[in-house]
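A short write-up of the structure that comes next.
The values are calculated or read from the model by the stated rules, or taken from the named source; none is laboratory data. Note that the structure is predicted; figures quoted are calculated from it, not measured. Neighbour counts run over all protein chains shown; Cβ positions are idealised from the backbone, glycine included.
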Amino acid sequence: MLKNFWYAIAFSNEVKQRPTRLEIMGKQFWAWRMANGQGAFMRDQDLITKQPLGNARAEGGVLVAENGQRYAPDGSGRALAYPVKERYGWFFVFLGDLPEAGRMPIPDLPYLEDPNLKYGRIQGDFPWKVHYARALENGMDAAHAPFVHGGAFGNPDEPEIPDYDIAVTPGSGIATIFLKPTPSKGLWSRAYSSKKRDTLVKTRAGYWMPNLSILEVNLPFGQLLVFNAHVPVNDMRTVSKYIALRSFFTGGWANRNAHQRVIKIFEQDRVIVEAQRPEILPFDIGAELHVKSDALQVAYRRDRRAAFEKGWGLYPRGKQADDVEIPSPFLAAVS
Amino acid sequence: MFMNFWWPLAASARVGQKPLRVTALQQEFVLYRTTNGAAQVLSDLCVHRGGALSDGWMTGDCVVCPYHGWEFATDGACVRIPANAQGVPVPKKARVDSYPTVEKNGWVFGFLGDVASAERPPLADIPALDGANARRGSITWNAPYEHVIAQIGDLQNSAFLLSDEFVDLPAALSDERATNTEWGAGVTANVNLPKRITRRLGGLVSREETAPEIRNASVLLCAPCVTVHTLGQTRAVMAHVPVNATTTITEWLIEQPIPKADGAANGLEKMRRQIETTPVPDSAIGAALKRINQAAAKHGWSIDSELISAEYTNVKAVVIPSPARREVPELAAAWVLKKVPTRLPDF
């Protein structure tokens, strides 16, 4: 796990005034919303007693532990607290001790804040037993579609990935790949006329450090966008929180079908990604063999590696350790 | 756990055209049959993204990784990368370890190691139990395989397992003899089965009595983990394969004059407490395995499973090296996945 990034860890509408306990990076936290609406995020552990806070409740601006002890979310209390920002419908927390000026900002994602875009939108959770970086690589992988999703959106007869360009910015890479289309099934086949079948499909796939991915499929009948925040619950578990936009069948009546399609795709991936070894994506670029079509995944691994080399790896071997805390910028400011 | 042995990885009947995953020595392997029926053992770990080949399928004689469709031939070389443009050569590094595979008397053996054939311990000498009365099955133990073998290799326990009616222990043994070879050991004795009384509860209570009898019993140990058992006319072959340092799967074939529906399953289950919780008895077979393993350790064949558990689990994939790593110099730089760490021999 890497520190010093803004991690999308929940959907904004999941965080309420009543505190919710969440496991992130193998540790327990509290997320809640103060009276003014501002989100707060705090470790579920008293810094002095090392005990969890029990059935905590929010009161005024602070979190009150079961034993009555009060904890302020600005670092002035006895628990590690972390900065919170909200964007795109996700709840972002800054996990690390880098001062604000040095932080890579929350990235500007395309489409999600475009007021003119009249797309159908759904969001949801897919929990699975994978490391978040394996999930992320899978979420932006075009080459696996013909084998894992054949018929759904991969074309088993056209598995070749043509050379593609990657738009690289610090902490992000977006590839544009032109693929042969797959005939659609079910409801979507009604939007799929025969004369559109020979057109190459522009596909975009990419990532933003540390845990966001995008897959943009421009089907002959419209656009489908799947954004994912791959939330690292611990080394072996991830919840992929997806936001899926579609330019066709934008009405709410098609949401159920859209959800089913996303989940079906994820379930096909589950079998494969849960079996990958080693479970944790290696920091060593040479630990696995890459071919040309893996350029995007290699770019992501390089960004991960660069962060690791800055000393941002939380756990020396990559595995979580119970005795290592994620440092808080507030505490750094105090000390 | 030791490399450079012929490990019995599965009963032949379990290996087919659909790839089969087998975990042994803390590693995953894929077993399958080619179109001509020959069994093959490969490392299960795709060199590309660590996908499990055993979740894939066969195309001709190639096993196909389910993630990106890479096709691996029986020698472990990848022969097709579907995402590559036509005509782009497959890199030399696109390969997995392929292990020499032999099928004998109902078992598929993989040579898990890299030493030349002249240096390899022999294949286990096992009888074919393929009669109509043969039964097979498996059981998983929470115990190291050395403990399982020491217990099941004990003549009294073996007699208990193979007897048609379970003998009250201890059965008296006489005329015990032991033999030792470089990679094996054997014990034989006469088992004096006591008079047995069976009560059957039906509409009426009936009582049956069997006369005391003497049966010849033997246990043969074949390195690295096979035991061959006889009791009178009953014969069994068991492969006690370590999944890891603390878990063992015993796969067994048994042939009984009067076959029981469950084969040896019930008897093995009855031994669970003894195998998983009691200290290892000082059986001749247990001692022989210790001797053989010490010899293997001196060769440097001991896999450092503690190091793997502590440092590599979930973080770094390692594989048991195959003979091609030593035998094919032009592939020296082609192995992306590192070899399992071994312990230095104690001197």
Give the residues of the range A:1-36 that are part of a loop (DSSP other than H, G, I, E, B) and over 18 Å from the mean Cα position of the chain (by Cα), sorted by residue number.
A:Lys16, A:Gln17, A:Arg18, A:Pro19, A:Met34, A:Ala35, A:Asn36
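Within the range B:28-43, how many residues turn out to be part of a loop (DSSP other than H, G, I, E, B) and either buried (at least 24 other Cβ atoms within 10 Å of the Cβ) or within 11 Å of another protein chain (Cβ to nearest Cβ) (or both)? Explain how you work it out, then say what you get.
Just the residues of the range B:28-43 that are part of a loop (DSSP other than H, G, I, E, B), to begin with: B:34-38.
Restricting the remaining residues to those that are either buried (at least 24 other Cβ atoms within 10 Å of the Cβ) or within 11 Å of another protein chain (Cβ to nearest Cβ) (or both) gives none.
Number satisfying all stated conditions: 0.
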Among the residues of the range B:298-347, count how many are in a helix (DSSP H, G or I) and under 19 Å from the mean Cα position of the chain (by Cα).
1
Which of the following residues is touching a strand residue (DSSP E or B) at 6+ places or on another chain (Cβ under 9 Å) and basic (Lys, Arg): B:Arg33, B:Arg49?
B:Arg33
Pairs with Cβ under 6 Å, 6+ apart, first in the range B:232-261 and under 21 Å from B:Glu28 (Cα atoms) and assigned by TED's automatic domain parsing to the domain that holds B:Ala24, second β-branched (Val, Ile, Thr) and surrounded by fewer than 24 Cβ atoms within 10 Å (Cβ to Cβ):
none
Out of the range B:90-122, which residues are farther than 20 Å from B:Ile303 by Cα, aliphatic (A, V, I, L, M), away from chain A (no Cβ under 14 Å) and surrounded by fewer than 19 Cβ atoms within 10 Å (Cβ to Cβ)?
B:Val102, B:Ala118
Can you tell me how many residues in the range B:44-72 are part of a strand (DSSP E or B), facing chain A (nearest Cβ under 8 Å) and touching a Pro at 6+ places or on another chain (Cβ under 8 Å)?
1
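If I ask for residues that are more than 9 Å from chain B (Cβ to nearest Cβ) and in contact with a helix residue (DSSP H, G or I) (Cβ under 8 Å, 6 or more places away or on another chain), which ones from the range A:284-305 would you list? Break it down stepwise before answering.
Of all residues in the range A:284-305, those more than 9 Å from chain B (Cβ to nearest Cβ) come to A:285, A:295-296, A:298-305.
A:Ile285, A:Val298, A:Tyr300, A:Arg301, A:Arg302, A:Arg304, A:Arg305, listed by residue number.
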For residues that are more than 11 Å from chain B (Cβ to nearest Cβ) and at pLDDT 95 or above, tally how many sit in the range A:139-163.
2
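Taking the range A:66-84, which residues are without any contact (Cβ under 8 Å) to a residue 60 or more places away in the chain and under 30 Å from the mean Cα position of the chain (by Cα)? Please lay out each step first, then the result.
At the first step, the residues of the range A:66-84 found to be without any contact (Cβ under 8 Å) to a residue 60 or more places away in the chain are A:66-73, A:77-79, A:84.
Matches in the range A:66-84: A:Tyr71, A:Ala72, A:Pro73, A:Gly77, A:Arg78, A:Ala79, A:Val84.
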Here are the criteria: (1) within 14 Å of chain A (Cβ to nearest Cβ); (2) more than 22 Å from B:Glu119 (Cβ to Cβ). Tell me which single one B:Ser283 does not satisfy.
(1)
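Which of the residues spanning the range B:73-89 are surrounded by 16 or more Cβ atoms within 10 Å (Cβ to Cβ) and either within 11 Å of chain A (Cβ to nearest Cβ) or of a type in the set (Gly, Ala, Ser) (or both)?
Residues satisfying the conditions are B:Ala73, B:Gly76, B:Ala77, B:Cys78, B:Arg80, B:Ile81, B:Pro82, B:Ala83, B:Asn84.
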In the range B:236-266, anything crowded, with 20+ Cβ neighbours inside 10 Å and either over 24 Å from B:Leu9 (Cβ atoms) or of a type in the set (Lys, Arg) (or both) is listed as B:Gln256
What number goes with the only condition from (1) more than 14 Å from every other protein chain (Cβ to nearest Cβ); (2) touching a residue at least 40 places away in the same chain (Cβ under 8 Å); (3) not aromatic (Phe, Trp, Tyr) that A:Leu136 does not pass?
(1)
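Restricting to the range B:319-329, name every residue that is in contact (Cβ under 8 Å) with a residue 24 or more places away in the chain and out of contact with any Gly (no Cβ under 9 Å at 6 or more places or on another chain).
As a first pass, look at the range B:319-329 and keep what is in contact (Cβ under 8 Å) with a residue 24 or more places away in the chain: B:319-327.
Scanning the range B:319-329 gives B:Val319, B:Arg325, B:Arg326, B:Glu327.
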Yes or no: the range A:315-332 includes at least one residue that is away from every other protein chain (no Cβ under 11 Å), touching a strand residue (DSSP E or B) at 6+ places or on another chain (Cβ under 9 Å) and either among the small types (Gly, Ala, Ser) or assigned to a strand (DSSP E or B) (or both).
yes
A:Glu113 being of a type in the set (Asp, Glu), crowded, with 18+ Cβ neighbours inside 10 Å and either in contact (Cβ under 8 Å) with a residue 24 or more places away in the chain or in a loop (DSSP other than H, G, I, E, B) (or both)
no
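Return the residues of the range B:11-57 that are among the aliphatic types (A, V, I, L, M) and either on the phi > 0 side of the Ramachandran plot or outside the structural domain of B:Ser98 (by TED's automatic domain parsing) (or both); say none if nothing qualifies.
Of the range B:11-57, the ones among the aliphatic types (A, V, I, L, M) are B:11, B:13, B:15, B:20, B:22, B:24-25, B:30-31, B:38-39, B:41-42, B:45, B:47, B:52-53.
Of everything in the range B:11-57, just one residue is among the aliphatic types (A, V, I, L, M) and either on the phi > 0 side of the Ramachandran plot or outside the structural domain of B:Ser98 (by TED's automatic domain parsing) (or both), namely B:Leu25.
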Among the numbered conditions (1) closer than 14 Å to B:Ile152 by Cβ; (2) free of Cβ contacts under 8 Å to residues at least 40 places away in the same chain, tell me where B:Gln274 comes up short.
(2)
All but one of (1) more than 9 Å from chain B (Cβ to nearest Cβ); (2) of a type in the set (A, V, I, L, M); (3) outside any helix (DSSP H, G or I) hold for A:Ile280, so report the exception by its number.
(1)
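Would you tally the residues in the range B:110-131 being assigned to a loop (DSSP other than H, G, I, E, B), among the hydrophobic types (A, V, I, L, M, F, W, C) and touching a residue at least 24 places away in the same chain (Cβ under 8 Å)?
Kept after step one, since they are assigned to a loop (DSSP other than H, G, I, E, B), are these residues of the range B:110-131: B:113-116, B:120-131.
In the following step, the residues that additionally are among the hydrophobic types (A, V, I, L, M, F, W, C) were identified as B:115-116, B:123-124, B:126, B:128-129.
With the extra rule that they be touching a residue at least 24 places away in the same chain (Cβ under 8 Å), the set shrinks to B:115-116, B:123-124, B:126, B:129.
Adding up the residues that qualify gives 6.
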